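The values are calculated or read from the model by the stated rules, or taken from the named source; none is laboratory data. The structure displayed is predicted, hence computed values, not measured ones. FYI the Cβ positions are ideal-geometry reconstructions off the backbone, even for glycines, and counts take in every protein chain you see. For accessibility, only protein heavy atoms count, side chains too; no ligands or nucleic acids. Shrake-Rupley method; radii C 1.70, N 1.55, O 1.52, S 1.80 Å.
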Amino acid sequence: MELSDEGNAAREIILNDLKQLADFGALPSLNVLKCYERDDELDFFSTDVYSYHVDRSPIGTDTFLCTYFGAASDIIPNDQVTQKILVPEIREKLKELHDGPETEFEDFLKDCFFDLHYEPNPGARPTDLGNGHLWRLAVDHPDQTVLPCVHRAPVENEGEYRLLLIC
């Protein structure tokens, strides 16, 4: 493939990022995305990546993320969000949705990933991760020594793809 000088430089940066992450033991994936699938099953609660959320892993790891082109993800400080399952109105609706015993409600929230989603507090100030920056995001795991990073995918620009590295 013939590339401009800028295209060749971009290719080298991407290949270097992939190599360094692989050498670190990660399994990076390069994705070209037009959009993610939306979760609109519940009108009061979305569990898709457009919602502020944390990642959870059964093993001790982190999420690595870099947007090379297109709209970039954003993060928000943990003290500027509220876990959605703690919002009384939302919690009541989730209790109506749960058809099991009260003693299993917390498991239901976790099994359906409701516990991973957050809403910004009034005055919250998210940070745009920008393009070309490789971010290491802490995940929800029992051995994690820091809070998981609350983040979300951006709404894509009309007709524009995103080039994203994730692992």
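How many lysine pairs are close in the chain, with Cα atoms under 27 Å apart and the two 8 or more places apart or on different chains?
Qualifying lysine pairs in the chain: 6.
Nearest 10 degrees, 0 to 90: what angle lies between the long axis of helix 5-23 and the longest principal axis of the chain (Cα atoms)?
50
Take THR63, THR127 and sort them by solvent-accessible surface of the protein heavy atoms, 1.4 Å probe, largest at the top.
So the residues, ranked largest to smallest area, are THR127, THR63.
Just the Cα atoms of the chain: what Rg and Dmax do they give in Å?
Over the chain's Cα set, Rg and Dmax evaluate to 18.1, 63 Å.
Which one, ILE85, LEU42, GLY159, projects farthest toward the positive side of the charge dipole computed for the range 40-167 from Cβ point charges (K/R +1, D/E -1)?
About the Cα centre, the residue reaching furthest to the positive side is GLY159.
Could you give the distance between the Cα centres of the range 125-158 and the range 1-60, to the whole Å?
Computed from Cα coordinates, the inter-centre distance equals 11 Å.
Hey, quick one: spin label on LYS110, modelled 7 Å out along Cα-Cβ, who in the range 51-81 has an amide N within reach, i.e. under 14 Å?
It comes to 56-59, nothing else.
Determine, from the Cβ-Cβ distance of ASP140 and TYR161 and an R0 of 30 Å, the FRET efficiency 1/(1 + (r/R0)^6), rounded to the nearest 0.05.
0.55
Over the range 115-167, what portion of Cα pair distances is larger than 16 Å, expressed as a whole percent?
58
Per residue, how much accessible surface does the range 44-145 expose to a 1.4 Å probe? Answer in Å², no decimals.
Accessible area per residue: 56 Å².
Would you work out what percent of the accessible area of the chain, with all protein chains in place, is carbon or sulfur (probe 1.4 Å)?
53
So, in nm, how far is label LEU147 from label GLU2 when the simple model puts each one 7 Å beyond its Cα toward the Cβ?
It works out to 5.3 nm between the two label points.
Using the crude model of +1 on Lys and Arg Cβ and -1 on Asp and Glu Cβ, and no other charge, please compute the dipole size for the chain relative to its Cα centre, in debye to 20.
460
Can you give me the relative contact order of the chain as a percent, contacts being Cα pairs under 8 Å and 6 or more apart?
Worked out over the chain, it gives 42 percent.
Kindly write out, for the range 28-35 in residue order, the coupling ³J(HN,Hα) from the Karplus curve 6.51 cos²θ - 1.76 cosθ + 1.60 (θ = phi - 60°), rounded to whole Hz, with x marking Gly and Pro.
For the range 28-35, the Karplus curve yields x, 10, 9, 10, 10, 10, 8, 5 Hz.
Which is the longest stretch in the chain that no exposed loop site breaks, taking sites as trypsin sites (Lys or Arg not before Pro) with a DSSP loop state and at most 14 other Cβ atoms within 10 Å?
Longest stretch, sites excluded: 39-167.
Accessible surface of ILE76 in the full protein assembly, 1.4 angstrom probe, to the nearest 10 Å²?
10
With runs of 4+ DSSP H residues as the only contributors, calculate the mean residue ellipticity of the chain at 222 nm using -39,500 (n - 2.57) per run, divided by the residue total and rounded to the nearest 500.
Helix contribution divided over all residues of the chain: -6500 deg cm²/dmol.
Any idea what angle helix 88-97 forms with the longest principal axis of the chain, computed on alpha-carbon atoms, 0 to 90 degrees, nearest 10?
Once rounded, the angle reads 80 degrees.
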